[in-house]
Structures are given as C-alpha cells and as structure tokens.
Amino acid sequence: MLRRLARTILLRQGYNVVEASGPAEALVLAAAQPDSIDLILADVMMPGMRGWEMVGLLRASQPRARVLYMSGYAGDLESAGGKVRPLLAKPFKPRELLDEVRRVLDAT
C-alpha cells in the first residue's frame with residue numbers, strides 16, 4: 001500500500017516512476033532500462049533481500065542512480081551498519097517524500 005501511495009505522489013508531481021513489487025522484479029526492470037533511472041527509492045528491509053543489497057546489485061545497470069532509503073523501524077538502522085543514508089522515516093507525509101526526493105536528486 002505504501003509503495004502505491006509513493007508512486008501516486010511522485011506521478012502527480014511529474015516524476016516518471018518504475019514500480020517493482022520486490023527486489024527480484026526491480027533487478028529485471030532496471031536491467032531492461034540500463035542507466036536510465038535517476039533515483040532508487042528502497043525500503044531498508046524487504047522480503048528476501050535488504051535494501052542496500054538490492055541497491056548494490058542495481059548498480060550494475062544503474063551506476064549513476066541516486067538512492068533514498070526508507071524505514072519504519074529503528075532496528076533497521078542498527079542492522080544496516082550505516083549503509084542506509086539518506087533515510088526517510090516511515091510513516092511520512094507526501095510533502096516529506098517529495099522534499100527528500102528533490103533533495104537527493106539535487107545533491108552533488
């Protein structure tokens with residue numbers, strides 16, 4: 001449900017969105033569009049793979065993509081060992097998502 005909400009928020013602001021139901025689908029979709037993704041929005045904990053592990057694999061086809069992680073659990077940060085920055089805390093408001101996406105995309 002949160003994935004669909006984030007997609008809707010981003011689409012309404014004019015962003016192109018490629019939505020994946022999980023890490024395996026994200027890898028397939030990204031490989032089909034090499035070096036075309038500007039931002040990867042990844043949950044820290046996902047079924048079958050942690051967010052930073054998926055991002056590491058996505059780098060093969062999306063080397064220039066920026067990354068924004070999200071999480072609703074403080075324990076995720078401990079298990080991530082500092083690998084998940086920047087981080088958007090869940091639950092978030094639409095404006096918080098949009099502001100953080102813009103900040104990450106504009107960072108040099």
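The values are calculated or read from the model by the stated rules, or taken from the named source; none is laboratory data. Just so you know, these numbers come straight off a predicted model, no measurement behind them. Side chains are part of the model used for accessible areas, which takes the heavy atoms of the whole protein and leaves out ligands, DNA and RNA. Shrake-Rupley method; radii C 1.70, N 1.55, O 1.52, S 1.80 Å.
Miscellaneous remarks
- A 1.4 Å probe run over the protein chains yields, for the chain, 62 Å² of accessible area per residue, whole-number rounding.
- Solvent-accessible area of the chain (1.4 angstrom probe, protein heavy atoms only): carbon and sulfur portion equals 54 percent.
- Computed [θ] at 222 nm, helices only, for the chain once each DSSP H run of length n ≥ 4 contributes -39500 (n - 2.57): -13000 deg cm²/dmol
- Pairs of Cα atoms farther than 17 Å apart, the chain, %: 52
- Average Cα contact separation per residue, the chain, under 8 Å, 6 or more apart, as relative contact order %: 24
- Interchain or long-range residues, amide H under 5 Å from Leu88's placed H: Tyr69, Met70, Ser71
- Interchain or long-range residues, amide H under 5 Å from Arg50's placed H: none
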